Amino acid sequence: VQLQASGGGFVQAGNSLRLSCVASRRMFSNNGMAWFRQAPGKEREFVAGINYNGGTTAYEDSVKGRFTISRDNAKNTVYLQMNSLKPEDTASYYCAASIYATFAKDTSGYRYWGQGTLVTVSS
C-alpha cells in the first residue's frame, strides 16, 4: 500500500497550490485521510482531515478559510487546495491514511504515509 503525494512547489505569498495524494488501493474509500506538515526544526502538525466519504472535514486554525481538503474515492485521491499562501505555510506536506473511517488530529492512528511534498512560500 502506497501513498504518492505531489503538487508542491515554490510560490509567492498570496498565490495558490493544489496538493494531490494518490493511494494505491481502493481500500481508502473506507478510510479517513489527512494532511500534515512539518517545517524544519518543528514537529509534524495536523493541517486538515476528511472522513471516509467526505462528509466531515476539519482544519488547523491557521489554515481555516484558506485551505480546503477534498477527496475523490473513484480516483483514490485526496486533495488539499491551498489559497492565500503565507510564508509560514512553508513546510513539507504529508498525506496520511487513517486506520479508521474518520481521522485524528495527531499522528497516531495513521498506518500509511506519503513521502512528502515541499511547499515554499516567499514573502
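The values are calculated or read from the model by the stated rules, or taken from the named source; none is laboratory data. Because the structure is a prediction, the values reported are computed rather than measured. Neighbour counts are summed over all protein chains in view; Cβ atoms, including those assigned to glycine, are modelled from backbone coordinates with ideal geometry. Surface accessibility is based on the protein's heavy atoms, side chains included, excluding ligands, DNA and RNA. Shrake-Rupley method; radii C 1.70, N 1.55, O 1.52, S 1.80 Å.
General observations
- Any hit, region 103-111, residues being more than 17 Å from residue 46 (Cβ to Cβ), surrounded by fewer than 13 Cβ atoms within 10 Å (Cβ to Cβ) and either in contact with a helix residue (DSSP H, G or I) (Cβ under 7 Å, 6 or more places away or on another chain) or basic (Lys, Arg) (or both): no
- Identity of the residue in region 64-102, β-branched (Val, Ile, Thr) and not in a strand (DSSP E or B), that ends up least open to solvent (accessible area, probe 1.4 Å): 90
- Test: residue in region 4-21 that is touching a residue at least 40 places away in the same chain (Cβ under 8 Å), part of a strand (DSSP E or B) and hydroxyl-bearing (Ser, Thr, Tyr): yes
- Of all residues in region 46-60 being in a loop (DSSP other than H, G, I, E, B) and open to solvent by 30 Å² or more (accessible area, probe 1.4 Å), the one that is nearest to residue 98 (Cα to Cα): 52
- Unmet criterion (only one of (1) touching a residue at least 60 places away in the same chain (Cβ under 8 Å); (2) touching a Leu at 6+ places or on another chain (Cβ under 6 Å)) for residue 87: (2)
- Looking only at region 24-45, and only at residues there that are assigned to a strand (DSSP E or B) and open to solvent by 20 Å² or more (accessible area, probe 1.4 Å), the one that is nearest to residue 8 (Cα to Cα): 38
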